[in-house]
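The values are calculated or read from the model by the stated rules, or taken from the named source; none is laboratory data. Just so it is clear, the structure is predicted and the values come from calculations on it, not from any experiment. Quick reminder, even Gly has a Cβ in these numbers, built from the backbone with ideal geometry, and neighbours come from all protein chains shown. Ligands, DNA and RNA are excluded from the accessible area calculation, which covers all protein heavy atoms including side chains. Shrake-Rupley method; radii C 1.70, N 1.55, O 1.52, S 1.80 Å.
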2 protein chains.
Amino acid sequence: MYRTNTCGELRLSDAGKDVTLAGWVQRVRKMGGMTFADIRDRYGITQVVFDNDHNAALTEAANKLGREFVVQVTGKVQERTSKNPKNPTGDIEIIAEELKVLNPSEVPPFTIEDDTDGGDDLRMKYRYLDLRRNPVRRNLELRHRMTMEVRRYLDSKGFLEIETPMLVGSTPEGARDFVVPSRMNPGQFYALPQSPQTLKQLLMVSGIDRYFQIVKCFRDEDLRADRQPEFTQIDCEMSFIEQDDVINLFEGMAKHLFKEIRGIEITEPFIRMPWADAMKYYGSDKPDLRFDMRFVELMDVLKGHGFSVFDNAAYIGGINAKGAAGYTRKQLDALTEYVKRPQIGAKGMVYARVEADGNVKSSVDKFYSQEVLQQLKAAMNAEPGDLILILSGDDVMRTRKQLCELRLEMGRQLGLRDKDKFACLWVVDFPMFEWSDEEQRLMAMHHPFTHPKDEDIPMLDTDPASVRADAYDMVINGVEVGGGSIRIHDAALQAKMFEILGFTPEKAQEQFGFLMNAFKFGAPPHGGLAYGLDRWVSLFAGLDSIRDCIAFPKNNSGRDVMLDAPAHLDPKQLDELCLALVEPQKK
Amino acid sequence: MYRTNTCGELRLSDAGKDVTLAGWVQRVRKMGGMTFADIRDRYGITQVVFDNDHNAALTEAANKLGREFVVQVTGKVQERTSKNPKNPTGDIEIIAEELKVLNPSEVPPFTIEDDTDGGDDLRMKYRYLDLRRNPVRRNLELRHRMTMEVRRYLDSKGFLEIETPMLVGSTPEGARDFVVPSRMNPGQFYALPQSPQTLKQLLMVSGIDRYFQIVKCFRDEDLRADRQPEFTQIDCEMSFIEQDDVINLFEGMAKHLFKEIRGIEITEPFIRMPWADAMKYYGSDKPDLRFDMRFVELMDVLKGHGFSVFDNAAYIGGINAKGAAGYTRKQLDALTEYVKRPQIGAKGMVYARVEADGNVKSSVDKFYSQEVLQQLKAAMNAEPGDLILILSGDDVMRTRKQLCELRLEMGRQLGLRDKDKFACLWVVDFPMFEWSDEEQRLMAMHHPFTHPKDEDIPMLDTDPASVRADAYDMVINGVEVGGGSIRIHDAALQAKMFEILGFTPEKAQEQFGFLMNAFKFGAPPHGGLAYGLDRWVSLFAGLDSIRDCIAFPKNNSGRDVMLDAPAHLDPKQLDELCLALVEPQKK
């Protein structure tokens, strides 16, 4: 037996016991004839004392311990004279009687401390050492607890977790697939699933009724900051339900998680905001509702006063940054620069301060009388001390998105985006389609199986772009943590949908034939949703990136720098797969 | 709302209630002016009554329902006059007031009944219909409950479930990898993990202390009857433990599962059988202990009496088939043919019956006196009515394996392999290495990280073939459901192991460098095991194949015939991956 107790377990009530601990050397301090070693494991840190007077050989051995050595220590628990209230084991220490080095360690390339001196690249290469650090390990513990609670909740609601295959067929529609050559079927490939969407729909056809799976999904996309080629979904589907049934059940799950994981009891129902409102008031389909600062449209107030920028605009909108009238010219210039960055793309920004006496002072005073500015103040519901920020543009949606970025930045600057505060909502009534400039056709906003709103079905023939879908996203703090829809279970409606999306019947059959065939044998009404587990864990952990809640993440080139994967294959492996490499230049 | 209740829920106490059910039409029977429809969902079957006198139009609609139509029925619950005690809802029926066809169905290609008329191929192609059948769906429900209980148990023991990556590096050692071309790193490939073995060892280096994961693994092997290219492991690892700690904890898990899933309380500890004994007494490293029929070695008794087959044999062993003396000549000939099949490869079989008077009558009477045959009877502990079956051969291990097949076949014929009886044991003390004729070198029997028994370490230099490992398998009813080992955490010992296995230091570094480097920074003593979930579920479900406990399995050519995967790629996809196909002939 390697240990009687963990390093996080002993308390004052254990004083006098003979114990054996095992763990890593966090630090060793020599103070006169005494040597103190802190021994760490996943559960905590315990102080071990070596007394030169009591056992000189043992103390000498302790003095030779290096950081991250793995040791086993036997001794007696005693009360400490100088206690450390910050450490749960801080009331006691172990008087060492035996010390065994189970494994030495080279000096680690960065410090194993909560705040480490290691840079990102080094920590990724030595991820196994980075995971020893409390903040990183805690993220994995949180992830474990979240998945346990998700399973507990869904199991209690009659959901069955069913594993769907990882080696499936490739569907060129949508994002790019990772593919897997089949040796037994030369020239043919499997694909790794982007999601188990069609398989879970088949499970509904099977009568499984309530399905879930916490499952790896894969997308071969050019990686952005917060994307990983493999990611984890909480994937769910139900039969004989309507949109409200899905939303109510999964709102219940969210509340369960908030309570169990974060200790936050949410009693109010989540807001359900139509997509059109989300775009109108927040310029985003995932508004951050931790703070207000809703958009006010100012076309009526500000047009027709000779300021050509506004007079020619298709959209003018403002936000009220409460109490920010004290912003300096320099801060305002920086904000203007912020919205003019190419990623955001605004042409400029107009601001107006409400002064202590109620007068409004704006950056476009020469065009607007105080009377109009007072109308602006009233429209913005602004008070003395407030700062009004206004953007305009010739494309309504684009300008709203720019104003959204400004709103989020102001929320950040004013400290309104507290990571320990959570604002949840459902965004509903998404449009069924969106126009693709690239493809010059309507594309499914969600996916081709999404059910249109019953009352909008007649518009499929006359005005498909205005059709809304039975689709819904769950948004927390401006992050889309999950989304789903009611699916089409009617073969005729599905055929019409493929037609609108520009699929020939042959192409639809080729790509989704197995699903359409299945639907001929009694498909129940069904729908569901999928959560991005990595994002949700990050949100609960207060992380800026999903990377730190993943044990072994990949970098922005899709590389695992610790494993050094991907890598070149043995030529024999390629031969067996009937594959040859082509020089990238030849592409 | 589609339903007030499921089809498995209503009881006599619900009589008088107005309810709405939704589900599939199992069957429709017309009896005079009444039409009875059985409506099925995952939860059960409820009888619905349509009365022509009461509502002729509704009854006419019901008469048009086909099998597997999806319907919604509203009506009143009433007590049945002729109850069906076999059906939990058999005390009641629904008097239909409304009927809505939610989706019609084509006639399914096979009957959706417990005993279907569909052949294997058809059921695989229409797997979504096969899953509607109770016996198949129940396997998935069992699988769900098993994984829930595994997680509950391991969570209660402080294990963290941590997801390891699916896109890793390829290791040519061992079975063949499935590989995944990387578009972002042209010419390079990821591999899908054969198991998270090295990653879980890195997690131990990280101080995770107790890890588990229920995880998909992949092996590109030529498929045998009971193999799938993707399969699921319950993968576990622990630090600061010895073999007994691992065995005790996971024996606890097995007992927990037996109790929760099968209602079987096992109070006795599992037998721990050394590998050498398993081979000696059962000719197998996974003996089926549901029945005795242990091997008895008969060299002393049967050699030297002029029967050249035995006189020249390196091994003679017998089993006692209790009470089988009544086997006819025809049955015995069939047994002889059975062991002579090429898959088993015995040269012949000798039998001896113990007759009612105690005399022994054998197939080689001309070589053996009754006196010797009585010695045989005594050695075999045989009584009147018993049948002794004997094999011999010039290779001890090969003959034992043949005798093992005979033993299992006799167990089957005598009804001793009851699927509802379970015999669990640990096989321990496996050899460290096995000789590979193909590679002409010692190979790791488990894997290269397996720790040798401390007392056998000196033999690594002198007699490596005799070294035993700290490796263990859990066996139930002759099936290896799991196995594992204590791992090497000492860099010098690991280097010696690679040397014995014929790795140059360079090759070891190339393939396992990341692990060996990690071990330089304080690896704790650790070990673990992995269970084959598919096999364990099959065993609990009493299935002959793992296929029926997998929602969407692949066939023996690695194809998913429902999805028609793998398939040819769009040439654009190959171009993007910098790959070209090579004709199989050119291999």
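Side notes on the structure shown:
- Among the residues of segment A:297-314, the one identified as open to solvent by less than 20 Å² (accessible area, probe 1.4 Å) and more than 22 Å from A:ASN381 (Cα to Cα) is A:ALA313.
- Selection status of A:LYS200, open to solvent by less than 10 Å² (accessible area, probe 1.4 Å), basic (Lys, Arg), in a helix (DSSP H, G or I) and touching an Asp or Glu at 6+ places or on another chain (Cβ under 7 Å): yes
- A single member of B:GLY44, B:GLY16, B:GLY90 is away from every other protein chain (no Cβ under 14 Å) and either on the phi > 0 side of the Ramachandran plot or in contact with a His (Cβ under 7 Å, 6 or more places away or on another chain) (or both), and it is B:GLY16.
- Taken as a whole, the condition of being assigned to a loop (DSSP other than H, G, I, E, B) and modelled with pLDDT under 95 does not apply to A:LYS421.
- Yes/no for A:PRO165 being buried (at least 22 other Cβ atoms within 10 Å of the Cβ), in a loop (DSSP other than H, G, I, E, B) and facing chain B (nearest Cβ under 7 Å): yes
- Test: B:ALA465 is at pLDDT below 95 and either farther than 26 Å from B:ASP226 by Cα or hydroxyl-bearing (Ser, Thr, Tyr) (or both): yes
- Which numbered condition A:LYS259 fails, given (1) assigned to a strand (DSSP E or B); (2) in the same structural domain as A:ASP429 (by TED's automatic domain parsing): (1)
- Of the helices (runs of 4 or more DSSP H) lying entirely inside segment B:425-540, the ones with 2 or more residues being crowded, with 17+ Cβ neighbours inside 10 Å and more than 14 Å from chain A (Cβ to nearest Cβ) are found at B:491-500.
- Residue check, B:PHE212 more than 9 Å from chain A (Cβ to nearest Cβ), among the aromatic types (Phe, Trp, Tyr) and crowded, with 21+ Cβ neighbours inside 10 Å: yes
- Entry remark, segment B:560-587: residues being within 20 Å of A:ILE162 (Cα to Cα), part of a loop (DSSP other than H, G, I, E, B) and within 8 Å of chain A (Cβ to nearest Cβ) number 2 in total.
- Per the listing A:GLY174, A:GLY119, A:GLY169, A:GLY90, the residue uniquely outside the structural domain of A:THR59 (by TED's automatic domain parsing) and either modelled with pLDDT of 95 or more or touching a Leu at 6+ places or on another chain (Cβ under 7 Å) (or both) is A:GLY169.
- Checked against the criterion of being in contact with a strand residue (DSSP E or B) (Cβ under 6 Å, 6 or more places away or on another chain), surrounded by 20 or more Cβ atoms within 10 Å (Cβ to Cβ), on the phi < 0 side of the Ramachandran plot and among the hydrophobic types (A, V, I, L, M, F, W, C), the candidates A:LEU65, A:LEU58 yield just one match: A:LEU65.
- Among the residues of segment B:136-148, those identified as in contact (Cβ under 8 Å) with a residue 40 or more places away in the chain and either at the interface with chain A (Cβ under 9 Å from one of its Cβ atoms) or within 18 Å of A:LEU203 (Cα to Cα) (or both) are B:VAL136, B:ARG137, B:ARG138, B:ASN139, B:LEU140, B:LEU142, B:ARG143, B:ARG145, B:THR147.
- The numbered conditions (1) closer than 29 Å to B:PHE159 by Cα; (2) open to solvent by less than 10 Å² (accessible area, probe 1.4 Å) are all true for A:GLN47 except (2).
- Answer residue from segment A:26-44, given it is aliphatic (A, V, I, L, M), in contact with a strand residue (DSSP E or B) (Cβ under 7 Å, 6 or more places away or on another chain) and farther than 15 Å from A:ARG133 by Cα and is surrounded by the most Cβ atoms within 10 Å (Cβ to Cβ) among those: A:ALA37
- Where A:ILE234 falls short, out of the listed (1) more than 15 Å from the chain's Cα centre (by Cα); (2) farther than 21 Å from B:PRO566 by Cα; (3) crowded, with 23+ Cβ neighbours inside 10 Å: (1)
- Hey, A:ARG547 more than 8 Å from every other protein chain (Cβ to nearest Cβ) and either among the acidic types (Asp, Glu) or open to solvent by 30 Å² or more (accessible area, probe 1.4 Å) (or both) or not: yes
- Segment B:104-128, residues that are open to solvent by less than 50 Å² (accessible area, probe 1.4 Å), assigned to a helix (DSSP H, G or I) and without any contact (Cβ under 8 Å) to a residue 40 or more places away in the chain: B:ARG123
- Every pair of residues 6+ apart whose Cβ atoms lie under 7 Å, when the first sits in segment B:218-239 and is assigned to a loop (DSSP other than H, G, I, E, B) while the second is among the acidic types (Asp, Glu) and open to solvent by 40 Å² or more (accessible area, probe 1.4 Å): B:ARG227/B:GLU221
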